[in-house]
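Only one structure is covered here, and it is reproduced in the block below.
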């Protein structure tokens, strides 16, 4: 990534976000592999369809469209291949917070169903319990050189990647979220990339934020309904959390469909 990606920028408009959507001349869809009845034929579609909510989902076989969402200003391609992203390789410190085990099952759409997509690169990144991202410069912090809460995994034969992290904190202007990016093998003839965000139930976030270290930041200023990016399909990107020891676990199904 270019150095200016380390600088805080304004939230991209939908038009700008779509302009940054790089798919080597093909359209790509992010979908949840949830069976449903549909007699509609698969249609050649523009990238704008991928950014819609459910209006055009009938064109996709056996799956429900989930929207692309902006990468935001804080993506840094650290190339950190690791499952547990809580530590900072620069000094060995570990970020405090409520534990979160996140499993992503990535599939490719074939015919009328989804099949596991092996060998896809899945990055996740998010802020710490106090709303700070690593390896960026912001008006309120400078963490250049730190690499906490960033990492990638490569999907196995079942299309699965697993991450151990913490429940994200919050910062002004956004609701609680985790960024993720799915990329196919860069050595293949066509390389595809899809970026979006995952969200949390407001009531769970409110409970988490009464605990240390989150509580020291005070009451958050934005919930899901007030977040402009969440309003653009975020309800399709909500994690279904289950209790897991002292923390939570969630599994999220995504699929990729490419149209030449």
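Bear in mind that the values in this text are calculations on the coordinates, not laboratory data. Here the structure is a predicted model, which means the values were calculated and not measured. Methodologically, a virtual Cβ is constructed for each residue, glycine included, from the backbone with ideal geometry; neighbour enumeration extends over all protein chains shown.
From least to most packed, judged by other beta carbons within 10 angstrom and beginning with the fewest, 132, 106, 208 follow the order 132, 208, 106. The length gained by stretching the chain between residue 139 and residue 203 to full extension, at 0.36 nm per residue less their Cα-Cα distance, is 20.1 nm. In the stretch 65-173, Cα pairs under 8 Å separated by at least six residues give a relative contact order of 39 percent.
Peptides 164-170, 220-226 ordered by packing proxy, namely the average of other Cβ atoms within 10 Å per residue, highest first: 164-170, 220-226. Working from Cα pairs under 8 Å separated by at least six residues, relative contact order for the stretch 186-242 is 50 percent. The order of 127, 114, going from fewest to most other C-beta atoms within 10 Å of their C-beta, is 127, 114. Ordering 141, 180 from the fewest to the most neighbouring beta carbons within 10 Å gives 141, 180.
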